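Just so it is clear, none of the values below were taken in a lab; they were calculated from the coordinates. Computed from a predicted structure; not experimentally measured. Please note: Cβ atoms are built from the backbone with ideal geometry, for glycine as well, and neighbour counts cover all protein chains shown.
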Amino acid sequence: MLSSLENVMDKVVEVLEVSKSFEYVKEPYKSLKQSFVEFMRGTNVENRRFQVLQSITFSVSKGEILGIIGSNGAGKSTLLKVISGILYPDSGKIFIRGSVAPLIELGAGFHPEFTGLENIYLNSYVLGLTKKEVDDKLDWILSFSELRDFINWPLKCYSSGMQMRLGFSISAALEPDVFLIDESLAVGDARFVEKCIQRILELKRNGTAFLIASHDLENLKKVADKCILLEKGSITKEGPPDEVIQVYLGNSCHA
């Protein structure tokens, strides 16, 4: 009984039968005359729902790295947004034990008119840090991001790679219980990507769990303990990274 309880508590993320859909209008663009005629006839614009996630179930334990792979539109980003709380699921439950640092949308939480330094404080406050905590971590963030010489520039002057470096450095400085990453490692030069991978492995050794959605299959092989393959919103394969990636590549070749 104790072993079973310890196993449950070791799971920092549990996703149980989660589904998510979006409503869209079948014919969004109509002439004023056509819309008026339909209104007079009492016919409504036809709305439909697009199922993005269907009964998704998996768990991630402390110090475990889960890779999430699949084609564009498979539901990877939506899944991370639902787990982070940006979106709400239509059904199912999500349990997260501990703090979460999401790095899901490049530049999310940043203000383009603010300097890099101002955005560090702004983004850190959003993630739950106090000013003193940011002050204590500031030198680490500047050193890791390698943006010290540009930190007083407005963010709108940063390249996408520089924004990614800043966002990753802020989140990585938090040492969260759960780290959500969506394609961010695909941005930036190879040297910085390797630096991020080493930081990920360091946080993993300290117990941080990761959910990483990426098309960078080679780097996923380096860090992931297991992978799930999403196809049309459903998990079609779960297991060791090599096996899941092989199935994904095989499906892509026959698509």
Per-peptide average of other Cβ atoms within 10 Å, ordering 198-211, 58-71 highest first: 58-71, 198-211
Only Lys, Arg (+1) and Asp, Glu (-1) charged, at Cβ; the stretch 195-255 dipole about Cα centre in debye: 240
Over 18 Å between alpha carbons, listed pairs LYS20/LYS93; LYS20/LYS76; LYS11/LYS204; LYS195/LYS221; LYS132/LYS195: LYS132/LYS195
Gap separating the Cα centres of the stretch 55-72 and the stretch 122-184, nearest whole Å: 25
GluC sites (Glu not before Pro) within the stretch 106-169, DSSP loop, no more than 15 other Cβ atoms inside 10 Å: GLU113, GLU146
For the stretch 125-139, 3J(HN,Hα) per residue [Karplus equation, 6.51 cos²θ - 1.76 cosθ + 1.60, θ = phi - 60°, Hz, x = Gly/Pro]: 4, 4, 7, x, 8, 8, 4, 4, 5, 5, 4, 5, 9, 4, 4
Aspartates and glutamates with Cα under 20 Å of LYS222, excluding same-chain neighbours fewer than 8 positions away: GLU64, ASP182, GLU183, ASP189, GLU194, GLU202, GLU238, ASP242, GLU243
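Of the listed peptides 119-127, 150-158, what is their order by residue-averaged count of other C-beta atoms within 10 Å, with the highest listed first?
So the peptides 119-127, 150-158, ranked by packing, come out 119-127, 150-158.
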